Amino acid sequence: MYTGRFAPSPTGPLHFGSLVAAVASYLEAKKHQGRWLVRMEDVDKPREVKGAADTILHQLEDFGFEWDGAVVYQSQRNDIYATALKQLNAQQLIYPCTCTRKEIADSSHQIGIDGMIYPRTCLNHPLKSNAAMALRIRTDNRECSFTDAIQGTITQYLATQVGDFILKRADGLFAYQLAVVADDAQQEVTHIVRGADLLDSTPRQIYLQQCLGYQTPHYAHVPVASNAAGEKLSKQTLASALDEANANYQLFHALSFLGQNPPAEIKNATLSEVWRWAFTYWQLSQAPKTRSLHLSD
Ligand SMILES: [Zn+2]
């Protein structure tokens, strides 16, 4: 069965950029008579803002989203992540790393897709004793390739373009890449529709899926909303929170952003009328084929 999901991080209330991802994943699931799950990605507890998870759920309700099943919280699923890590460790893919950020910056000579490429210091040299230990996965140079329903074919070679990445941090927390892959598999997610800021993470997630023997879901990455300076809308760029009082108008705006061309006459329609239009006319293929799109008012 088609299973989609929306997986916000509770680092603040939803803003327009997160609404766009929610709308796209929701409409695509509805179009396929599928399930739509909500998962709180609160694995990074120190970054969580108290109360934000509840605020997000209330916002989703006020916008008229209806999710299937109970909301899943990553912070309660360490067992699942530990099991996946154990499985990778049994394949000798995992090694400890005691390098600090500064040591990596000083020893790495290659900048990859997502920062410095880790030069495998701890794979080739004895570890420092008494240092906090992160766990990395050994990458290889297989072609990690997938066809995104919106962005086309994406190919990466992890060993040379990303490097061995962290699955468990030195502070003991599981890394996002491992958590998201384990959750999607455990929740039997078949279709992932999310923001294109995660496009470059996808080959790492596919590599983990392959190592763990999981199925790779279908992916569609919608453009992220950016401000006039080209920065992604986020708490950091002070994107304003959504105003539920204008939910109908903001839903209309999100549909426009997603290339759906909602007719002007529903601009002032009620929220349920806008949803009704969207359920009828939603076409993922209309979404702009770009990673980022300037938000015009
Ligand atoms: Zn190291």
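Read-outs: derived from the displayed coordinates by stated rules, not from any lab. What you see is a predicted model, and the numbers here were worked out from it, not measured in a lab. Cβ: placed from backbone, ideal geometry, glycine included. Neighbour counts: every protein chain shown.
Specify which residue in the list SER107, ALA264, THR155 is farthest towards the positive end of the charge dipole of the chain, using unit charges on the beta carbon of Lys, Arg (+1) and Asp, Glu (-1), about the Cα centre.
Selected residue: SER107.
Which whole-angstrom value gives the distance between the alpha carbon centres of segment 195-223 and segment 147-194?
So the two Cα centres are separated by 5 Å.
Which whole-Hz couplings ³J(HN,Hα) result when phi for each residue of segment 204-212 is put into the Karplus expression 6.51 cos²θ - 1.76 cosθ + 1.60, θ = phi - 60°, listed in order with x for Gly and Pro?
5, 5, 5, 4, 4, 4, 5, 5, 8
With the contact rule set at Cα under 8 Å and sequence spacing of 6 or more, what percent relative contact order holds for the chain? Display every interim value, and only then the final one.
Values: 523 pairs, mean separation 67.0, N = 297.
Computed value for the chain: 23 percent relative contact order.
For the chain, give the share of DSSP beta bridges that are antiparallel, in percent and rounded to the nearest 5; count only bridges with both residues there. List each step's numbers first, then the result.
Details: 18 of 32 bridges.
Expressed as a percentage, antiparallel bridges in the chain total about 55.
Find the lysine pairs in the chain meeting two conditions, Cα atoms under 24 Å apart and a separation of 8 or more places or different chains, and report how many there are.
Within the chain, the lysine pair count is 18.
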